[in-house]
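Chemist: Structure below; questions to follow.
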Amino acid sequence: MNQAELTSAVDRRRTFAIISHPDAGKTTITEQLLLFGGVVREAGTVKARKTGNYAKSDWMEIEKKRGISVTSSVMQFDYAGKRINILDTPGHEDFSEDTYRTLMAVDSAVMVIDSAKGIEPQTKKLFQICKMRGIPIFTFMNKLDRDGREPLDLVNELEEVLGVDAYPMNWPIGMGKQLAGLYDIYNNRIELHTDEPEFLELDADGELKESNPIEEESVFQDAMMEVSLMKEAGNQFDEAKIATGDLTPVFFGSALTNFGVKTFLDAYLNYAPAPSAHKDEEGDVVEPKEEQFTGFVFKIQANMNPNHRDRIAFLRICSGEFDRGMDVTLKRTGKTIRLSNSTQFMADTRENVETAVAGDIIGLYDTGNFQIGDTIYAGKRAVQFEKLPQFTPELFMQVSAKNVMKQKSFHKGIKQLVQEGAVQLYTNYTTGDYILGAVGQLQFEVFQFRMQNEYNSEVVMQPMGKKTARWIDPEQLDEKMSSSRNLLVKDRFDQPLFLFENQFAERWFAGKYPDVKLTAKL
Ligand code: G4P
């Protein structure tokens, strides 16, 4: 690829994640997008995969059991001249640190909300990570075909609960059985709720250009009034604020009945950014259209085939072009690695990828070379991208080796899996016992499975439940502060922190030690 070809290929890329609380409709909307992209021909394909009917024979046992697979981790398709990469952020018990880290590899996010429920806990957590990254976040208020909460109420909630300004791109004309259409504010038209897409044009004053029976309906009159009020009193459309994630454009629609989804996608693609630049550790910027190939590993998926210890490292390409068989340098070790046949592309089918450019995600077959956060590059200039953030675990588990004679493999396994970022490791400040921390239950299961299969180490795990981790300045630390309700532990960098049983314990601590400052990480 010459520079002009690279530039146009990178400009075409749109890489984003869909974030939501389980059941809000992420799978359904993903499926609609794939239908538009011509990747799947029938609705239900992704869904079948999610429920396991589609599972291929060689997935790792846990994946099989849960019906999640590597193939659905990244979905690529072409639409309207763009090449779109959607990164999956699993929900339910599959929620893990990987879910958070995936958000480090996207340039924007779509937040799907169930309009009967509003903002739910997982939406909030994922939103906060996107906010921290300062990427554009678009909102899709789903399930308009059912009776939900008042639209105004939902929009206000975005501002109140998430602290983000909201700008409605369209407005529902009725909902549930009364759903008549959408006032498409952005395109200044009415999108009718009919089997085939049908639009009514509006004039500059927002009046129908040609009269239509819908004018007689009270839901229409209500919607027109609400929109005109909002135009006066609400937020202004502001592209700069969208770009930094300070304003979220809001779309209403129904993924299930495919209403408003295409309008959403078209508008979204107008504002979703092309691949962004990344900073290296020195603060130097690596531009996506630079010729030199660079990328970082944001996720490692444990293996499908128990006979081999390989796994797949997910790489976000940050600049240049990837060619199969190229030699790259792994910055952490300085080692040269050939990205040859082992490289696969995580598209609808697991095909070998020949070329890919900045913005794309590729899966590298890994036999233990890569760790999460690793940078690889081709060419002379050594690049190490900024560290990926660490996320504060919420679930904790005491762990020990079942067989005391096998301490060596136990320690080796823990060390490697922790380095790889599969789980977080803590030690009890006084006893030195190992405690694992995770943001989702699946991380423990994967840990246990891999310890057994890859390190031949059977582990005993004892749940400690949900806790809140708060770090304390070592200068202020007194070991006597530790109790069963706020257990003192060390992280893997030897920094002290407390694991609080609940909010009550935290408040009690704050009351007892008013001068002690505790901090939460992300
Ligand atoms: P998720 O990936 O976010 O977890 O959600 P998913 O798409 O699986 O949707 C969760 C449920 O909500 C599904 O119903 C789905 O059909 C339904 N749903 C999604 N979008 C809409 C919508 O726009 N309107 C309505 N009315 N329902 C919607 P389910 O009963 O759990 O699954 P299924 O038995 O229908 O497959």
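Chemist: Using θ = phi - 60° and the Karplus relation 6.51 cos²θ - 1.76 cosθ + 1.60, list the HN-Hα couplings for segment 148-161 in order, rounded to whole Hz, with x at every Gly or Pro.
Modeler: The phi angles translate into x, 7, 4, x, 4, 4, 5, 5, 4, 5, 4, 6, 6, 7 Hz.
Chemist: Name the long-range amide H neighbours of residue 394: under 5 Å, sequence gap of 5 or more, or other chain; modelled H, no Pro or chain starts.
Modeler: Placed amide hydrogens put 438, 439 under 5 Å from residue 394.
Chemist: Any chance you could give the angle, 0 to 90 degrees and rounded to 10, that helix 121-133 forms with the longest Cα principal axis of the chain?
Modeler: Relative to the chain, helix 121-133 is tipped by roughly 80 degrees.
Chemist: Could I ask something else about it? FRET efficiency for residue 406 and residue 3, Cβ-Cβ distance as r, R0 = 45 Å, nearest 0.05?
Modeler: For residue 406 and residue 3, the calculated efficiency is 0.20.
Chemist: Another question about this same structure. Around residue 13, which amide H atoms from residues at least 5 apart in sequence, or from another chain, sit under 5 Å from its own amide H, with H modelled in the peptide plane?
Modeler: Those qualifying (amide H under 5 Å, at least 5 residues apart or on another chain) are 83.
Chemist: Something else about it: Using the Karplus curve 6.51 cos²θ - 1.76 cosθ + 1.60 with θ = phi - 60°, work out ³J(HN,Hα) for each residue of segment 444-450 in order, rounded to whole Hz, and write x for Gly and Pro.
Modeler: 5, 5, 5, 4, 4, 4, 6
Chemist: Under a 5 Å amide H to amide H cut-off, with H placed in plane at 1.01 Å, what residues pair with residue 165 once short-range neighbours are removed?
Modeler: Under 5 Å from the amide H of residue 165: 248.
Chemist: Scan the chain and hand back the longest stretch that contains none of the GluC sites (Glu not before Pro) lying in DSSP loops with at most 14 other Cβ atoms within 10 Å.
Modeler: Longest gap between qualifying sites, sites excluded: 43-206.
Chemist: Order these peptides, 165-177, 406-418, 259-271, by their mean beta-carbon neighbour count within 10 angstrom, highest first.
Modeler: Packing proxy ranking, top to bottom: 165-177, 259-271, 406-418.
Chemist: In whole Hz, what ³J(HN,Hα) sequence does segment 398-407 give by Karplus (6.51, -1.76, 1.60; θ = phi - 60°), x for Gly and Pro?
Modeler: Whole-Hz 3J(HN,Hα) from phi for segment 398-407: 7, 9, 8, 7, 5, 9, 5, 6, 10, 4.
Chemist: Run the simple label-point estimate for residue 475 and residue 291 please: 7 Å along Cα→C-beta, distance reported in nm.
Modeler: The answer from the label model is 5.1 nm.
Chemist: Ok, one more. Just in segment 171-215: which chymotrypsin sites (Phe, Trp or Tyr not before Pro) are loop by DSSP and have at most 16 other Cβ atoms within 10 Å?
Modeler: none
Chemist: When Lys and Arg each count +1 and Asp and Glu each count -1, what net charge do the other residues less than 15 Å away from residue 401, Cβ to Cβ, add up to?
Modeler: +3
Chemist: Along the charge dipole of the chain, which of 388, 30, 459 sits closest to the positive end, that is, farthest toward it, with unit charges on the beta carbon of Lys, Arg, Asp and Glu (+1, +1, -1, -1)?
Modeler: Ranked along the dipole, the leading option is 459.
Chemist: In addition: Could you work out the local net charge near residue 143, counting Lys and Arg as +1, Asp and Glu as -1, over the other residues with Cβ closer than 11 Å to its Cβ?
Modeler: Spelling it out: positives minus negatives among the neighbours equals -1.
Chemist: Kirkwood hydrodynamic radius, computed over distinct alpha-carbon pairs, for segment 395-519: how many Å, to one decimal?
Modeler: The answer is 15.2 Å.
Chemist: The chain: percent of C-alpha pairs farther apart than 47 Å?
Modeler: Within the chain, distances greater than 47 Å cover 16 percent of Cα pairs.
Only the coordinates and a few stated rules stand behind these numbers; no lab work does. This one's a predicted model, so the numbers in the text were calculated from it and none came from an experiment. FYI the Cβ positions are ideal-geometry reconstructions off the backbone, even for glycines, and counts take in every protein chain you see.
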